[in-house]
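> Mind looking over this structure? Questions follow.
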Amino acid sequence: MTLRVIDLQARRGGFALTVPSWEAMAGEFQALLGANGAGKSSFFAALAGDIRCRGTVALQGRNIREWTAAERARNVAVLAQQSHIPFAFTAQEVVALGLTPLSVDWREGQRRVRRSMDRCDCEHLADRSYPALSGGERQRVNLARVLLQLSESQGPPVLLLDEPTSAQDLGHQHGMLRMLRDLALNDGYAVVAVLHDLNHALRYAGRCALLADGKLVASGPVRSVLSADRVEQFWGYRPRLGHLGGEPVLL
């Protein structure tokens, strides 16, 4: 496994999170699912190291607390829902922040910046002021930044994303999710994303973890976990299951 949780317990405000066991594998796109208030954000924060918790979060078989900050930065990247950068940096300068933990010369660094921006469909924004960008444009710029950060990973890179498509238009939603799936399947990343759209999870993620009331209640292949009965139980809506273009859909 690449990222593993053992006996995780955390508190965030008055909310308690308990996850006895969970793992994310290299080459896998896993969705974190659950209704509002289920514990997705708390679990994500625990994985990202943003809240104190009991138990173990292990990266490549080693407790993540034993990794130096620089090692962690090269191997685990986090894309938050919003990234506040108060300075009038250009989009390219924001992406270049991903070079911070790396050891590259200026020329190679600029090449990697351009390549990462091209991959995330934001190269045309390079000279634009970051604060003036739309929410969706900022998301893509920050995705380019965290992908750059992982370009010297010592093992399978781990990419954690909190609602990465929340500000994207329809075309960019699917483009981003396709890219995340390709990063897992073709480049060996362990991709873990909080998603609200269950059809996005069905179409793009291979596995999912379902949370409710701060507990992990189901995990496994998305198409097995998201049964009509389970969706009704945890989301309060009875869907119809269908297929569109050979892909399963919830209606």
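Taken together, the values in this text are just the output of simple stated rules run on the coordinates, not laboratory data. Predicted, not measured: the structure shown is a model, and the values here were computed from it. Don't worry about glycine lacking a Cβ; one is built from the backbone with ideal geometry, like all the others, and counts go over all protein chains shown.
> Go through region 110-122 and give me each residue that's on the phi < 0 side of the Ramachandran plot, within 24 Å of the chain's Cα centre (by Cα) and not aliphatic (A, V, I, L, M).
Within region 110-122, Arg112, Arg114, Arg115, Ser116, Asp118, Arg119, Cys120, Cys122 qualify.
> Another question about this same structure. In region 115-125, what residues are surrounded by fewer than 17 Cβ atoms within 10 Å (Cβ to Cβ) and under 13 Å from Ser151 (Cα atoms)?
Once the filter is applied, which keeps residues that are surrounded by fewer than 17 Cβ atoms within 10 Å (Cβ to Cβ) and under 13 Å from Ser151 (Cα atoms), region 115-125 yields only Arg115.
> Which residue is nearest to the chain's Cα centre (by Cα), if the candidates are limited to region 50-102 and must be assigned to a helix (DSSP H, G or I) and acidic (Asp, Glu)?
Our first condition is that a residue be assigned to a helix (DSSP H, G or I); within region 50-102, this holds for 64-66, 69-75, 91-99.
Within this subset, residues satisfying the condition of being acidic (Asp, Glu) are 66, 71, 93.
Details: Glu66: 22, Glu71: 19, Glu93: 22 Å.
Selected residue: Glu71.
> Provide a single number: the residues in region 157-181 that are assigned to a helix (DSSP H, G or I) and more than 14 Å from Leu79 (Cβ to Cβ). Lay out the reasoning, then the answer.
Taking region 157-181 and keeping what is assigned to a helix (DSSP H, G or I), we get 170-181.
Among the residues that remain, those that are also more than 14 Å from Leu79 (Cβ to Cβ) are: 170-175, 178, 181.
The number of residues fulfilling the criteria is 8.
> Working carefully through the options Gln139, Gln154, find the one that is in a loop (DSSP other than H, G, I, E, B) and polar (S, T, N, Q).
The match here is Gln154.
> Filter region 7-43 down to the residues that are outside any loop (DSSP other than H, G, I, E, B) and of a type in the set (Gly, Ala, Ser), then identify the one that is nearest to the chain's Cα centre (by Cα).
The residue in question is Ala31.
> Does Ala58 fit the bill of being out of contact with any His (no Cβ under 6 Å at 6 or more places or on another chain), surrounded by 15 or more Cβ atoms within 10 Å (Cβ to Cβ) and under 23 Å from Thr165 (Cβ atoms)?
Working: out of contact with any His (no Cβ under 6 Å at 6 or more places or on another chain): yes; surrounded by 15 or more Cβ atoms within 10 Å (Cβ to Cβ): yes; under 23 Å from Thr165 (Cβ atoms): no.
Taking the combined requirement at face value, the residue does not satisfy it.
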